[in-house]
There are 2 protein chains.
Amino acid sequence: MATIKIAVAQHSCCGNKNENIARYVALVAEAANKGAQIIALQELHNSHYFCQTENEEHFDLAAPIPGPDSDLLNQLAQQHNIIIVGSLFEARGHGIYHNTAVIYAPSVGLCGRYRKMHIPDDPGYYEKYYFTPGDLGFTPINSPLGKLGVLICWDQWFPEAARLMALAGAEILIYPSAIGWTPGDIDDIKQQQLDAWITVLRANAISNGVYVLAPNRSGFEPDPSDQTAGIEFWGNSLIIGPQGEIISQAGTNQKTLLIADIDTRHNETIRRQWPYLRDRRIDAYAALSARYRD
Amino acid sequence: MATIKIAVAQHSCCGNKNENIARYVALVAEAANKGAQIIALQELHNSHYFCQTENEEHFDLAAPIPGPDSDLLNQLAQQHNIIIVGSLFEARGHGIYHNTAVIYAPSVGLCGRYRKMHIPDDPGYYEKYYFTPGDLGFTPINSPLGKLGVLICWDQWFPEAARLMALAGAEILIYPSAIGWTPGDIDDIKQQQLDAWITVLRANAISNGVYVLAPNRSGFEPDPSDQTAGIEFWGNSLIIGPQGEIISQAGTNQKTLLIADIDTRHNETIRRQWPYLRDRRIDAYAALSARYRD
């Protein structure tokens, strides 16, 4: 693989689906106009972050894949001749829903999907209510631009996920995200949380010698139940190189399109210098499959 | 466990063993005088970093444990009433040598040892020649101050090691280290390497909700074979909190004693907020024991 031009989109979302679609459609067109060959969209870009409350009606936001939401991504990929990494609420069967990322490529269509494996559940992030844990494992998706290790948000805190993708040949890890602050937390706490997020994303790049992309949601969304103060999605979308270097980073609030030229042959250079995959102690890792070692 | 006062020692080493011992003996005494209950010493603190060349005579630097080198650590622990995390070149049997960390505690004596599991080998770091890979696994050492996850230098790049220690109940990860720059590399490369090291250490804290200590060697040591430009050990020893926050950090060159009060009950607070151990997909991690997934 030679140099490729990548784009990472960041925007806020609202309760109006057509408006959310208009926002990322504009960013896809802009990326294509600037010569990007691939664009990564944020987590659940079609809607507000509906997991702030547990509400049965929100399951109506889901759609099958293929289905109308994924068809639009495919159409955009063909129209703009660009690979799109999208993030959808997948209706798989009656009562079976997933938080699913998809890749569509020009000519090819659907390259593959990833169903979020690690599902969070905290006040304001009730994802265990909506999303059945993924059953496709940590398997990179083959695309015309190489193997892409698509993971989703909460997965970023689990080095197991990044490692398994790298071991399976992923050259770029992509984390569509929707993460933010609790309004009212003091600035020091907010900064420490954002810093922790950036740090683990960078560490996933470093430990595995791969590029990492993290398109994250921005903007404030209120809690419809008024039980919490809502979420300030912290943006700060990232493009990270294989030694953890930050190639491009968005601000907190603005709609942003990050664009960078990367070359995954650089992974090989870095891995020759710091050859971690050579030295893993696979004879001593069995207990990673244990819940706890007490 | 309540608040504990911890110390992390950083100093340069030379070819004179007695001088090296004098340097860390002074830091142990200083730490005890300041009320520290535990001090962590850097990797292979008794000698210059002999792995810059492959030289059969260097095996003479090793000693059994217990033996004269470990006896001195034990004596210091008793004399100063302080727990010592030391790092020794262990002669285990004819032709069997390990890079071994030990913990000595007042009254208790030897609490346990850890034999370096991940062994590097790069120009100037010929550790595979000297050190048989460890066979004790990733097992925390019980000390009067709780379970301590002692790992060594290169281990820091392997999130598997940190995770296994945390799953076994380690409350603090301790990485005695000897890592540095190649003189002549440009400053940008040096900064990126140092930054990557700090980043993965912080990520090991974040992903596991544990404290991390990293005492690192400082100072320049020439290559006796003149084949390389030697090593500028980069110091920057660290004390890191369970959300990755840097509590204390040394400079690059100076002899330093970092001291901080920590409270491992804070691990519980952080893990309640970001409960990664709850959500691990232990049904999907088996391939972490694979060399590569091709």
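For segment B:115-122, the criterion of being more than 16 Å from the chain's Cα centre (by Cα), away from chain A (no Cβ under 14 Å) and part of a loop (DSSP other than H, G, I, E, B) is satisfied by no residue at all.
Screening segment B:267-276 for residues that are surrounded by fewer than 16 Cβ atoms within 10 Å (Cβ to Cβ) and not β-branched (Val, Ile, Thr) and picking the one that is nearest to B:ARG23 (Cα to Cα) gives B:GLU268. Of the strands (runs of 3 or more DSSP E) that lie entirely inside segment B:135-174, not one contains 1 or more residues that are modelled with pLDDT under 95 and surrounded by 23 or more Cβ atoms within 10 Å (Cβ to Cβ). Screening A:ILE259 on (1) in a loop (DSSP other than H, G, I, E, B); (2) in contact (Cβ under 8 Å) with a residue 12 or more places away in the chain; (3) open to solvent by 50 Å² or more (accessible area, probe 1.4 Å) shows it passes everything except condition (1).
Against the conditions (1) open to solvent by 70 Å² or more (accessible area, probe 1.4 Å); (2) within 7 Å of another protein chain (Cβ to nearest Cβ), where does B:SER289 fall short? Just the number, please. Unmet for B:SER289, out of (1) open to solvent by 70 Å² or more (accessible area, probe 1.4 Å); (2) within 7 Å of another protein chain (Cβ to nearest Cβ): (1).
Counting only strands (runs of 3 or more DSSP E) wholly contained in segment B:1-110, the ones carrying 2 or more residues that are within 25 Å of B:PRO133 (Cβ to Cβ) occupy B:83-93, B:96-105.
For segment B:84-93, the condition of being among the hydroxyl-bearing types (Ser, Thr, Tyr) and touching a helix residue (DSSP H, G or I) at 6+ places or on another chain (Cβ under 8 Å) holds for none of the residues.
When residues in segment A:262-294 are screened for being hydroxyl-bearing (Ser, Thr, Tyr) and either in contact with a strand residue (DSSP E or B) (Cβ under 8 Å, 6 or more places away or on another chain) or not in a helix (DSSP H, G or I) (or both), 3 of them pass. Is at least one residue of segment B:184-194 of a type outside the set (S, T, N, Q) and surrounded by 20 or more Cβ atoms within 10 Å (Cβ to Cβ)? No, there is no match, as no residue in segment B:184-194 is of a type outside the set (S, T, N, Q) and surrounded by 20 or more Cβ atoms within 10 Å (Cβ to Cβ).
Conditions (1) of a type outside the set (D, E, K, R); (2) more than 8 Å from chain A (Cβ to nearest Cβ), marked per residue:
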{"site": "B:PRO144", "(1), (2)": "yes, yes"}
{"site": "B:ASP155", "(1), (2)": "no, yes"}
{"site": "B:GLU160", "(1), (2)": "no, no"}
{"site": "B:TYR175", "(1), (2)": "yes, yes"}
{"site": "B:LEU201", "(1), (2)": "yes, yes"}
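Restricting attention to segment B:221-247, the residues that are surrounded by fewer than 19 Cβ atoms within 10 Å (Cβ to Cβ) and under 23 Å from B:GLN37 (Cα atoms) add up to 3. With the structure loaded, tell me whether A:ASN81 is surrounded by fewer than 19 Cβ atoms within 10 Å (Cβ to Cβ), touching a Pro at 6+ places or on another chain (Cβ under 6 Å) and more than 28 Å from A:THR228 (Cβ to Cβ) or whether it fails that test. Yes. Does any residue of segment A:255-278 turn out to be small (Gly, Ala, Ser), more than 10 Å from every other protein chain (Cβ to nearest Cβ) and within 19 Å of B:ASP195 (Cα to Cα)? Within segment A:255-278, not a single residue is small (Gly, Ala, Ser), more than 10 Å from every other protein chain (Cβ to nearest Cβ) and within 19 Å of B:ASP195 (Cα to Cα). Contact annotation: residue pairs with Cβ atoms under 8 Å, 6 or more positions apart or on different chains, pairing a residue in segment A:184-200 that is under 20 Å from A:PHE158 (Cβ atoms) with a partner that is hydroxyl-bearing (Ser, Thr, Tyr) and buried (at least 18 other Cβ atoms within 10 Å of the Cβ), are A:THR199/B:THR199; A:VAL200/B:SER207. So is B:ILE282 open to solvent by 30 Å² or more (accessible area, probe 1.4 Å), at pLDDT 95 or above and in contact with a Leu (Cβ under 9 Å, 6 or more places away or on another chain) or not? Spelling it out, B:ILE282 is indeed open to solvent by 30 Å² or more (accessible area, probe 1.4 Å), at pLDDT 95 or above and in contact with a Leu (Cβ under 9 Å, 6 or more places away or on another chain). Filtering A:ARG202, A:ARG217 for residues that are open to solvent by 10 Å² or more (accessible area, probe 1.4 Å) and under 27 Å from A:ILE103 (Cβ atoms) leaves a single hit, A:ARG202.
Just for segment A:155-171: of the residues that are in contact with a helix residue (DSSP H, G or I) (Cβ under 7 Å, 6 or more places away or on another chain) and aliphatic (A, V, I, L, M), which one is farthest from A:PRO144 (Cα to Cα)? Only one residue fits best here, namely A:ALA161. Within segment B:120-142, the only residue that satisfies the criterion of being in contact (Cβ under 8 Å) with a residue 24 or more places away in the chain and charged (D, E, K, R) is B:GLU127. Every condition in (1) open to solvent by 20 Å² or more (accessible area, probe 1.4 Å); (2) touching a residue at least 24 places away in the same chain (Cβ under 8 Å) is met by A:ASN33 except one, and the failing one is (2). Do we have B:GLU90 as touching a residue at least 60 places away in the same chain (Cβ under 8 Å) and either surrounded by fewer than 20 Cβ atoms within 10 Å (Cβ to Cβ) or within 18 Å of the chain's Cα centre (by Cα) (or both) here? When the stated conditions are applied, B:GLU90 does not pass them. Here A:ARG217 meets the list (1) out of contact with any Cys (no Cβ under 9 Å at 6 or more places or on another chain); (2) touching a residue at least 12 places away in the same chain (Cβ under 8 Å) almost entirely, failing just condition (1). Being within 16 Å of the chain's Cα centre (by Cα), surrounded by 23 or more Cβ atoms within 10 Å (Cβ to Cβ) and farther than 16 Å from A:ALA40 by Cα, is that true of even one residue in segment A:93-103? Within segment A:93-103 (the criterion being within 16 Å of the chain's Cα centre (by Cα), surrounded by 23 or more Cβ atoms within 10 Å (Cβ to Cβ) and farther than 16 Å from A:ALA40 by Cα), the answer is yes, since at least one residue qualifies.
Evaluation of A:LEU238 against the conditions (1) touching a Lys or Arg at 6+ places or on another chain (Cβ under 7 Å); (2) within 14 Å of chain B (Cβ to nearest Cβ); (3) not hydroxyl-bearing (Ser, Thr, Tyr) shows that the sole unmet condition is (1).
The values are calculated or read from the model by the stated rules, or taken from the named source; none is laboratory data. What you see is a predicted model, and the numbers here were worked out from it, not measured in a lab. Cβ coordinates were reconstructed from backbone atoms using ideal geometry, including for glycine residues, and neighbour counts include every protein chain displayed. Surface accessibility is based on the protein's heavy atoms, side chains included, excluding ligands, DNA and RNA. Shrake-Rupley method; radii C 1.70, N 1.55, O 1.52, S 1.80 Å.
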